[in-house]
Amino acid sequence: RVGCPGLLAEATGFWDEVRAAALLHDTGKVAEGFQDQLLPGGMVWGQRHEVLSLAYVDLLAPAAGWSPRQRRTVATLVATHHRALFASQQGRPGKEALTQLYTSQTFWARAFT
């Protein structure tokens, strides 16, 4: 989404983190709301699957032995696969940044039940 990784590509473990993010980025699609919207006439879920995918990053991190920095890198790659994290970052026109869609006022249990 962001083009050439530049110096990041030379960082130790970077490509392992990219592979982990690629593995996890769609795990949020297991949500019942996401699956229901795929059915003929299904109602739009209205949530971002990549945000729910972050829960799987947290579940895998201890088993994978990731450091806090590795976990943060994988989570950032997962979260920003489709959208910018912040509105000030360049993203696709018409797509709100994740921090605009999800705020401190988000009722997470309702959003992702």
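The values are calculated or read from the model by the stated rules, or taken from the named source; none is laboratory data. No experiment lies behind these values; they were computed from the predicted model shown. Positions of Cβ are backbone-derived with ideal geometry, glycine not excepted, and every protein chain shown enters the neighbour counts. Side chains are part of the model used for accessible areas, which takes the heavy atoms of the whole protein and leaves out ligands, DNA and RNA. Shrake-Rupley method; radii C 1.70, N 1.55, O 1.52, S 1.80 Å.
Dividing the Cα radius of gyration of the stretch 45-113 by 2.2 N^0.38 Å, with N the residue count, gives 1.18. Shown for the stretch 4-55: the carbon plus sulfur share of the solvent-accessible area, taken with all protein chains present and a 1.4 angstrom probe, equals 64%. The trypsin sites (Lys or Arg not before Pro) of the stretch 1-94 that meet both conditions, a loop assignment by DSSP and at most 16 other Cβ atoms within 10 Å of the site Cβ, are ARG1.
With the charge dipole of the chain set up from +1 on Lys and Arg Cβ and -1 on Asp and Glu Cβ about the Cα centre, the Cα lying farthest toward the positive end among the listed residues VAL74, VAL51, SER88 is that of SER88.
In the context of the full set of protein chains, residues of the chain present 68 Å² of accessible surface per residue (probe radius 1.4 Å, heavy atoms only). Sites listed here are chymotrypsin sites (Phe, Trp or Tyr not before Pro) in the stretch 47-89 whose DSSP assignment is loop and whose Cβ has at most 15 other Cβ atoms within 10 Å: PHE86.
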